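Data block below; observations after.
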Amino acid sequence: MCDGQEQDGLSRRALMGRAAVGAAATAFGMIGSTALAAPTPGTALPAPQSLTPEQVLIQLKRGNAEFLRGQSIAGDVRGRRRLEIARAQYPVAVLVSCSDSRVPPEVLFGKGLGQLFIIRNAGNTIDTTAMGSLEYAVAELNVPLVVVMGHERCGAVAAAVSVVEKGATFPGSIGRMVEPIIPAVLDARRQGAVDLLDASVRANVSRTVGRLREFSEPMVLDRIRTGRLRVVGARYDLDDGRVDFFDEGPVRPRT
Ligand SMILES: [Zn+2]
């Protein structure tokens, strides 16, 4: 069995599928139809996503508790699992988290292949690319939970703090990258934070969570209102390994 041949075959099938969908189909529709294509005979598909936001949140908390006890076994990364999800993915949560090498979501929550849909950048902000990725996961993959997770001593947030406090400037694109974090620093400062960096980390998460809950596209908002999607905020502690879900928001009945 040659992977290259198989990939070529997949590409041809994907192209044919796109042609069949027609010119009016949206890019998401095409991606979705490809993602949900029929499995290769003999390759089992995992069950479609049916977990509630609350069930997934419990899973993540349990996974982090195991990580804290040092009992976390890396999620399933075996070949069998890889084959199970080779034709379709059903991640249980979207993680919007920092690129920081000390904050790998799968490890912190004990998840394996195909379980977390991760959007990472320094400072866990949401730009157009991140928002589009999130919307795709929610609308096309039916992911029921979005976790926006900052972390202790985040360098990107520290850079934004230094802009506010000292008028610091940064070379290249770094300055523009931290710009979206500056309002969070100003919020934290207005509230008289003793530890401005840590308060800014939390404020940065809260601002993103609030934006997602209030100002998302209908594809996201409708799911939040009907209890099929929950957006929560969290902070990871580098010292003790704990993920504090400090902004879980309301639980809405599924309708
Ligand atoms: Zn960071």
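Values in this text are rule-based calculations from the coordinates and carry no lab data. It should be emphasised that the depicted structure is a prediction, and the values quoted were computed from it without experimental measurement. Cβ: placed from backbone, ideal geometry, glycine included. Neighbour counts: every protein chain shown.
For region 92-152, which trypsin sites (Lys or Arg not before Pro) are in a loop by DSSP, counting at most 13 other Cβ atoms within 10 Å?
On the way: sites: Arg102, Lys111, Arg120; in loops: Arg102, Lys111.
Hits after loop and neighbour filter: Arg102.
Please state the shape class of region 132-255: rounded when a/c is under 1.5, otherwise prolate if a/b exceeds b/c and oblate if not, all from the C-alpha gyration tensor. All intermediate terms of the calculation are to be shown ahead of the outcome.
Values: a/c = 2.23, a/b = 1.76, b/c = 1.26.
Verdict is prolate for region 132-255.
Per 0.36 nm of contour for each residue apart, how much would the distance between Gln71 and Ile174 grow if the chain were fully extended, relative to their Cα-Cα spacing? Intermediate values should be presented prior to the final figure.
Values: separation 103, 0.36 × 103 = 37.08 nm, distance 3.74 nm.
Stretched fully, the Gln71-Ile174 segment lengthens by 33.3 nm.
Please say if region 146-198 is rounded, prolate or oblate, where rounded means a/c under 1.5 for a ≥ b ≥ c the square roots of the C-alpha gyration tensor eigenvalues, and otherwise the choice is prolate for a/b larger than b/c and oblate otherwise? Can you show the working numbers first?
Details: a/c = 1.84, a/b = 1.16, b/c = 1.58.
It is oblate, given that a/c is not under 1.5 and a/b is not larger than b/c.
Give me Met131, Met149, Met219 ranked fewest to most by other Cβ atoms within 10 Å of their Cβ, as a rough exposure proxy.
On the way: Met131 17, Met149 24, Met219 14.
Sorted ascending by nearby Cβ count, the order is Met219, Met131, Met149.
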